[in-house]
1. Quick one: if you stick a label point 7 Å off each Cα along the C-beta vector at residue 49 and residue 163, how many nm between them?
2. Which value, in Å² rounded to 10, gives the accessible area of residue 92 with a 1.4 Å probe and all protein chains present?
3. Compute a Gaussian network model of the chain, connecting alpha carbons closer than 10 Å, and tell me which residue from 137, 101, 28 fluctuates the most.
4. Suppose R0 equals 25 Å; then what is the FRET efficiency for residue 103 and residue 130 from their Cβ-Cβ distance, rounded to the nearest 0.05?
5. Relative contact order for the chain: what percent, with Cα pairs under 8 Å and sequence separation of 6 or more?
6. Points 7 angstrom from Cα along the Cβ direction at residue 174 and residue 20: gap in nanometres?
7. State, to one decimal in nm, how far the label point of residue 79 lies from the label point of residue 61, with both points 7 Å from Cα in the Cβ direction.
8. Ignoring ligands, DNA and RNA, please state the percent of accessible area on the range 80-178 from carbon and sulfur, probe 1.4 Å.
Amino acid sequence: MEYILQPWPWYVSGPLIAIIMFLLIYFGKTFGMSSNLRTLCAIGGAGKKVKFFDFDWKAQRWNLTVVLGAIIGGFIAHHYLSVPTNIDLNPETIQNLNTLGFENAGQTLLPAELYSWEHVFTLKGLAILILGGFLVGFGTRYAGGCTSGHAITGLSSLQLPSLIAVIGFFLGGLIMIHLLFPLIFG
């Protein structure tokens with residue numbers, strides 16, 4: 001049972017993802033999480049006001065089960081199939097985060113300086129959530145999909161736009177962490 005409580009190596013998780021992708025391609029489906037927001041908006045009746053949401057959402061029910069499975073699976077994995085452990089961060093990264101005001105860098109996935117209710121309901125916290133949510137929503141729509149859709153489905157089906165999008169995701173992450181992050185938290 002100990003092996004299931006540890007992170008799985010690439011040679012186990014990689015082939016499992018590949019099998020799922022082969023099955024999705026075989027059945028003519030594409031994987032992505034952001035398309036579910038469009039489906040949920042269509043279920044809520046947004047198609048009456050905006051043409052983008054006016055489509056047969058029932059054909060996407062299978063993808064909603066993927067989201068439900070991810071939520072349930074994440075809950076089970078976190079609460080029953082993992083052991084609390086510190087994150088193995090580079091000491092220089094921990095020092096850099098400490099200088100930016102993160103006291104427990106490497107000891108939790110969700111730093112309290114970002115995710116505690118005390119910090120969320122500040123002007124800075126709300127601005128980060130609203131601006132970040134807008135940018136993620138706009139970027140997902142503009143790129144034609146989210147990171148999981150492009151990086152898993154798009155790359156596995158050899159789509160050039162997905163390769164360009166994934167390169168953009170990485171570049172955006174590097175710009176964020178090296179240029180913007182110190183400005184926001186410095």
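The values are calculated or read from the model by the stated rules, or taken from the named source; none is laboratory data. Predicted model only: the values in this text are computed from it and were never measured. Positions of Cβ are backbone-derived with ideal geometry, glycine not excepted, and every protein chain shown enters the neighbour counts. Heads up: the accessible areas ignore ligands, DNA and RNA and are worked out on the full protein's heavy atoms, side chains in. Shrake-Rupley method; radii C 1.70, N 1.55, O 1.52, S 1.80 Å.
1. 4.1 nm
2. 120 Å²
3. Highest fluctuation of the listed residues: 28.
4. Rounded to the nearest 0.05, the efficiency is 0.50.
5. It comes to 24 percent, rounded to a whole number.
6. For the pair residue 174/residue 20, the computed spacing is 2.8 nm.
7. My value for the distance between the label points is 2.7 nm.
8. 69 percent
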